[in-house]
1. Condition first: assigned to a strand (DSSP E or B), aliphatic (A, V, I, L, M), under 24 Å from THR12 (Cβ atoms) and in contact with a helix residue (DSSP H, G or I) (Cβ under 9 Å, 6 or more places away or on another chain). Can you find one or more residues in region 48-60 that meet it?
2. Name every residue in region 89-131 that is surrounded by fewer than 14 Cβ atoms within 10 Å (Cβ to Cβ), in contact (Cβ under 8 Å) with a residue 24 or more places away in the chain, out of contact with any Leu (no Cβ under 9 Å at 6 or more places or on another chain) and over 17 Å from THR12 (Cα atoms), in order of residue number.
3. Any residue at all in region 82-93 that's assigned to a helix (DSSP H, G or I), closer than 20 Å to VAL116 by Cα and in contact with a Phe, Trp or Tyr (Cβ under 8 Å, 6 or more places away or on another chain)?
4. Filter region 41-88 down to residues that are over 16 Å from PRO109 (Cα atoms), out of contact with any Asp or Glu (no Cβ under 9 Å at 6 or more places or on another chain), free of Cβ contacts under 8 Å to residues at least 60 places away in the same chain and not hydrophobic (A, V, I, L, M, F, W, C), then give me how many there are.
5. Conditions first: (1) in a strand (DSSP E or B); (2) touching a residue at least 24 places away in the same chain (Cβ under 8 Å); (3) crowded, with 16+ Cβ neighbours inside 10 Å; (4) among the small types (Gly, Ala, Ser). ALA14 passes all but one, so which condition is the exception?
6. Given the conditions (1) in a strand (DSSP E or B); (2) farther than 15 Å from ALA126 by Cβ, report the number of the one that ILE71 does not fulfil.
7. May I ask you to list the residues in region 38-83 that are small (Gly, Ala, Ser) and closer than 18 Å to GLY28 by Cα?
8. Here is a list of conditions, (1) at positive phi; (2) modelled with pLDDT of 95 or more, and ALA32 meets all of them except one; can you say which number that is?
Amino acid sequence: MSTAFAKPAQGTPAEGALYSFIAALSAGELSAATACFTREGCMVTPDGTAVHGRAAIAPILAQLIARRTEIEVEQLAIHTAKDVALAGGRLAIRSQGPDGSVLVQPCSPTVALQRVEGVWKIAVLAPWAKS
């Protein structure tokens, strides 16, 4: 699969944090993708389970990387208020299926970001909401 993300030429720092996560995950960089979350970050899995903390999120990201997951941003809107931001839009999540086929899942994610010590991080990521 080819790299399917494209960061816009200009954007907010919160938007940059989200694109950094997408780039790290798509490149198979587990440490970098995990570091995009706050220490207490939360990721909501496809079955609705809320997983808390970087150490617990890392194995989920490792599974996504093993399936060669890539995320394409089709539309993104971010609303920032001081040190928090809420993002939503449309994504296409591509992963390799068990038989080697490529599975594409359109999603309407919810993402909460937080500025921690001057750096924007993902506080909550719920990427699998259906479009």
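1. To start, the set of residues in region 48-60 that are assigned to a strand (DSSP E or B) comprises 50-52.
Next, only the ones that are aliphatic (A, V, I, L, M) stay: 50-51.
Retained after the next criterion (residues that are under 24 Å from THR12 (Cβ atoms)): none.
Checking region 48-60: not a single residue is assigned to a strand (DSSP E or B), aliphatic (A, V, I, L, M), under 24 Å from THR12 (Cβ atoms) and in contact with a helix residue (DSSP H, G or I) (Cβ under 9 Å, 6 or more places away or on another chain).
2. VAL102, LYS130
3. Keep residues of region 82-93 that are assigned to a helix (DSSP H, G or I), which gives none.
No: region 82-93 contains no residue that is assigned to a helix (DSSP H, G or I), closer than 20 Å to VAL116 by Cα and in contact with a Phe, Trp or Tyr (Cβ under 8 Å, 6 or more places away or on another chain).
4. Qualifying residue count, region 41-88: 5.
5. (1)
6. (2)
7. First, pick out the residues of region 38-83 that are small (Gly, Ala, Ser): 41, 48, 50, 53, 55-56, 58, 62, 66, 77, 81.
ALA55, ALA56, ALA58, ALA62, ALA66, listed by residue number.
8. (1)
The values are calculated or read from the model by the stated rules, or taken from the named source; none is laboratory data. These numbers come from a predicted model, not from an experiment. Don't worry about glycine lacking a Cβ; one is built from the backbone with ideal geometry, like all the others, and counts go over all protein chains shown.
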